[in-house]
1. From (1) touching an Asp or Glu at 6+ places or on another chain (Cβ under 7 Å); (2) without any contact (Cβ under 8 Å) to a residue 24 or more places away in the chain; (3) small (Gly, Ala, Ser), pick out the condition that doesn't hold for residue A:55.
2. Going by the structure shown, is residue B:48 β-branched (Val, Ile, Thr) and touching a residue at least 40 places away in the same chain (Cβ under 8 Å)?
3. Any idea which residue in the range B:86-107 is nearest to residue B:51 (Cα to Cα), counting only those that are under 11 Å from the mean Cα position of the chain (by Cα) and facing chain A (nearest Cβ under 8 Å)?
4. Given the conditions (1) surrounded by 16 or more Cβ atoms within 10 Å (Cβ to Cβ); (2) outside any loop (DSSP other than H, G, I, E, B), report the number of the one that residue A:10 does not fulfil.
5. Out of the residues in the range B:1-56 that are among the aromatic types (Phe, Trp, Tyr) and out of contact with any Ser or Thr (no Cβ under 6 Å at 6 or more places or on another chain), state the one that is nearest to residue A:36 (Cα to Cα).
6. Among the numbered criteria (1) buried (at least 18 other Cβ atoms within 10 Å of the Cβ); (2) touching a Gly at 6+ places or on another chain (Cβ under 8 Å); (3) over 24 Å from residue B:33 (Cβ atoms), which one does residue A:3 miss?
7. Within the bounds of the range B:28-40, is there any residue that is more than 11 Å from residue B:82 (Cβ to Cβ), of a type in the set (Lys, Arg) and either within 13 Å of chain A (Cβ to nearest Cβ) or within 11 Å of the chain's Cα centre (by Cα) (or both)?
8. Consider residue B:59 carefully, then state whether it is more than 11 Å from chain A (Cβ to nearest Cβ) and free of Cβ contacts under 8 Å to residues at least 40 places away in the same chain.
Amino acid sequence: VQLLQSGIEVRKPGESLKISCKGSGYTFNNYWIAWVRQMPGKGLEWMGVIYPGDSDTRYSPSFQGQVTISVDKSIATAYLQWDSLRASDTAMYYCARRGPDYFDSLDVWGQGTTVAVSS
Amino acid sequence: DIQVTQSPSTLSASIGDRVTLTCRASQSISGWLAWFQQKPGKAPKPLIYKTSSLERGVPSRFSGSGSGTEFTLTISSLQPDDFATYYCQHYDTYVYTFGQGTKLEIK
């Protein structure tokens, strides 16, 4: 079971960006995928979750309207997207899978994607 | 929204010590509490879910307990590999709120 995230991204403010998280080794459609932000030197912040089976998506109030979470079931990949980046979006972004059982939390994590936004 | 607060922010301890980290929720969370370990430059590692259930492969020196609004992570005998930052997390189907973290340092 693995989540493989896309590589380092360097962008300018105002640019768009879409990073990815590809699941393998399990039935991708049946497990929620969460996105988590970690700004430099700071803690973990939950951004939102998506259920690949039906694309049901929920956002943390802190990130609602700031990012878009989506999924392409055909290639077992979840995405996190920005329409207009800001310097404050500079961070490490992790995807993580919610485990299969009722009380499971985030049991498998991607390796993280570094996003750097600078003019 | 339920808030989760960890204490202390930093804890200094020695190899072999027994340490307890605390996590408090702003309202009862009925056991929906997980703990993660993170080392610099690495993804978080799941340790405990449902307050006290160890993830597969986690050493038995780690244990979790609590109920309602107060939860703890205990490491019975600190090993060199345990020095890291620990996060608690309240979760349910649609919410995954993290605490601010406790950094466990070598004394």
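The numbers here are math on the coordinates, done by the rules we state, and not lab data. All figures in this text were calculated on a predicted structure; none of them were measured in a lab. Don't worry about glycine lacking a Cβ; one is built from the backbone with ideal geometry, like all the others, and counts go over all protein chains shown.
1. Here residue A:55 meets the rest and fails (1).
2. For residue B:48, the condition - β-branched (Val, Ile, Thr) and touching a residue at least 40 places away in the same chain (Cβ under 8 Å) - is not met.
3. B:89
4. (1)
5. Within the range B:1-56, the subset among the aromatic types (Phe, Trp, Tyr) is B:32, B:35-36, B:49.
After this cut, where a residue has to be out of contact with any Ser or Thr (no Cβ under 6 Å at 6 or more places or on another chain) as well, the list is B:32, B:35-36.
Working: B:32: 18, B:35: 15, B:36: 13 Å.
Selected residue: B:36.
6. (3) is the only condition that residue A:3 fails.
7. No, every residue in the range B:28-40 fails to be more than 11 Å from residue B:82 (Cβ to Cβ), of a type in the set (Lys, Arg) and either within 13 Å of chain A (Cβ to nearest Cβ) or within 11 Å of the chain's Cα centre (by Cα) (or both).
8. Numbers: more than 11 Å from chain A (Cβ to nearest Cβ): yes; free of Cβ contacts under 8 Å to residues at least 40 places away in the same chain: yes.
For residue B:59, the condition - more than 11 Å from chain A (Cβ to nearest Cβ) and free of Cβ contacts under 8 Å to residues at least 40 places away in the same chain - is met.
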